[in-house]
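Presented below is the structure to which this report refers.
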Amino acid sequence: MEQRISTLIAEYSSQGIHRTGTEVDHRSADWLIAKISALGVEATETAFGFQRLQPLECSLRLDQLTVPGVPLYDCSYTEEKGFSGSLGPIGSQADIGVAMAPPFANTEIGQAIHSARLTDAHRGIIIVSEASQPKNGIALLNAEHFSKPFGPPVLQVAGKHWREIQLAITSSTPGHLTLHAETIDAIARNIGATIEGKNRQLPPLVIMTPRSGWWQCASERGGGIACFLEMMRAIKASEPQRDVIFTANTGHELGHIGLDHYLDTHAALVQDALLWIHLGANFAARYDPGVRLQYSDEAARSRLRPWLEKNAIEPDAETPTGERPLGEARNIFDGGGRYLSILGRNGLFHHPDDLWPDAVNPRETTKWINAFVALGVELAGSAEQPHSELN
């Protein structure tokens, strides 16, 4: 299994930058279809149209220095010529607010940035990747409001430029911000499959994973995709009692637009499913790892426990039951469904250095996948109804 997992993650990483609706995203979708078909399972796909953002000129100019960057995909943009203005800390009176922040929003500085965006406190905002990540790349924030952009232009830049930007602030050197982009008609694709059970009257088990991201995402997405395929392999061989539905959705970095599209057409499945198993981000990480488990209820937690013990693994954290979970599990929580979710911390989160092989810990990843494969086979093979089985 470890060799299969390593091969899958290596192939996924080598495909390129996995942003939704790009050429790489389509090649990756075709690759996943081929992997599913090789297991003797019929793959399906659902395509939908969306407006893909294509950055053109995105930079901050400071005197003779031009700092390139990547826009926040749910902000507004400048005209081609951009604009000039003063630089200062986020929340100051400066035209362009500056902050160093991690690539996730649920932090104090992340909330300050969000507040500045909501109130248009600045004409533009610069987010510098935090110092704990490699300084030569940009660790990007997800565009949680991709479908409804708001606030001023926001440029994300690499940590190596922090000193020059700070010097510009202290010397009152103005900056020139350009955030020029266009939108392109594009297609996104969700990939899935269903393994039919012997008793199709039983509530189905649903296994989902995101398959897109900002960069090559070896440890961020690779573990979930490998687990998705290993669970499919084992459940197919087990001849399950209930239907098991698999869905690998694009659009993760764009506010979960792929999963939203899936749920728009499968709304009843949120509550009708026996359980949703969410194979989320980063549990394959080698650098600053930390696996987090999330459960809709104590009964779901108790079903996984024996398989964790058998593989001698423990999560580093658990999201309290009843608290809105992270990742795609939140969509199921919001819909009132039952879920079990794995994701984690990653020292290369949303960073271009998240590459095979250095970013991945195959041995530990295999232990977690072993546990989830065993759980999936057990749930798929049970003929009991939800209330007696899990509650």
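Only one entry of Thr78, Thr46, Thr119, Thr66 meets the criterion of being assigned by TED's automatic domain parsing to the domain that holds Asp264, among the hydroxyl-bearing types (Ser, Thr, Tyr) and at pLDDT 95 or above, and that entry is Thr46. Checking the range 19-27 against the condition returns a match, with at least one residue being touching a residue at least 24 places away in the same chain (Cβ under 8 Å), assigned to a helix (DSSP H, G or I) and of a type outside the set (Phe, Trp, Tyr). Residues in the range 139-178 that are in contact (Cβ under 8 Å) with a residue 24 or more places away in the chain, part of a loop (DSSP other than H, G, I, E, B) and within 19 Å of Asp95 (Cβ to Cβ): Phe150, Gly151, Pro152, Pro153, Ser172, Thr173, Pro174.
When Glu253 is tested against the conditions (1) of a type outside the set (A, V, I, L, M); (2) in contact with a strand residue (DSSP E or B) (Cβ under 8 Å, 6 or more places away or on another chain); (3) more than 22 Å from Val377 (Cα to Cα), the lone failure is (2). Taken together, the residues in the range 265-294 that are under 26 Å from Gln201 (Cβ atoms) and not β-branched (Val, Ile, Thr) amount to 11. Could you tell me whether Ala34 is assigned by TED's automatic domain parsing to the domain that holds Gly213 and within 19 Å of the chain's Cα centre (by Cα)? For Ala34, the condition - assigned by TED's automatic domain parsing to the domain that holds Gly213 and within 19 Å of the chain's Cα centre (by Cα) - is not met. Of Leu379, Leu326, all but one fail to be out of contact with any Cys (no Cβ under 9 Å at 6 or more places or on another chain), of a type outside the set (Asp, Glu) and in a helix (DSSP H, G or I); the exception is Leu379.
Annotation note: of Val98, Val67, Val154, Val128, the sole residue that is among the β-branched types (Val, Ile, Thr) and in contact with a Cys (Cβ under 7 Å, 6 or more places away or on another chain) is Val154. Within the set Ala218, Ala188, the sole residue that is closer than 30 Å to Asp243 by Cβ, touching a helix residue (DSSP H, G or I) at 6+ places or on another chain (Cβ under 9 Å) and among the aliphatic types (A, V, I, L, M) turns out to be Ala188. Candidates Trp356, Trp368: the one that is aromatic (Phe, Trp, Tyr), out of contact with any strand residue (DSSP E or B) (no Cβ under 6 Å at 6 or more places or on another chain), modelled with pLDDT of 95 or more and assigned to a loop (DSSP other than H, G, I, E, B) is Trp356. Filtering the range 119-172 to residues that are closer than 20 Å to Gln64 by Cα and of a type in the set (D, E, K, R) leaves Lys160, Arg163, Glu164.
Counting only strands (runs of 3 or more DSSP E) that sit wholly inside the range 42-138, those with at least 1 residues that are free of Cβ contacts under 8 Å to residues at least 12 places away in the same chain are 65-68.
Report whether or not Ile277 is touching a His at 6+ places or on another chain (Cβ under 8 Å), closer than 30 Å to Gly49 by Cα, surrounded by 23 or more Cβ atoms within 10 Å (Cβ to Cβ) and modelled with pLDDT of 95 or more. No.
Restricting Leu87, Leu60, Leu39, Leu72 to residues that are assigned by TED's automatic domain parsing to the domain that holds Ile225 and surrounded by 15 or more Cβ atoms within 10 Å (Cβ to Cβ) narrows the list to Leu39.
Every residue, every condition in (1) touching a residue at least 24 places away in the same chain (Cβ under 8 Å); (2) farther than 17 Å from Phe283 by Cβ, yes or no:
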{"position": "Arg303", "(1), (2)": "yes, yes"}
{"position": "Pro306", "(1), (2)": "no, yes"}
{"position": "Ile313", "(1), (2)": "yes, no"}
{"position": "Ala317", "(1), (2)": "yes, no"}
{"position": "Thr321", "(1), (2)": "yes, yes"}
{"position": "Glu328", "(1), (2)": "yes, no"}
{"position": "Gly335", "(1), (2)": "yes, yes"}
{"position": "Leu340", "(1), (2)": "yes, no"}
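The values are calculated or read from the model by the stated rules, or taken from the named source; none is laboratory data. The structure presented is a predicted model; accordingly, all values stated were derived computationally and were not measured. FYI the Cβ positions are ideal-geometry reconstructions off the backbone, even for glycines, and counts take in every protein chain you see.
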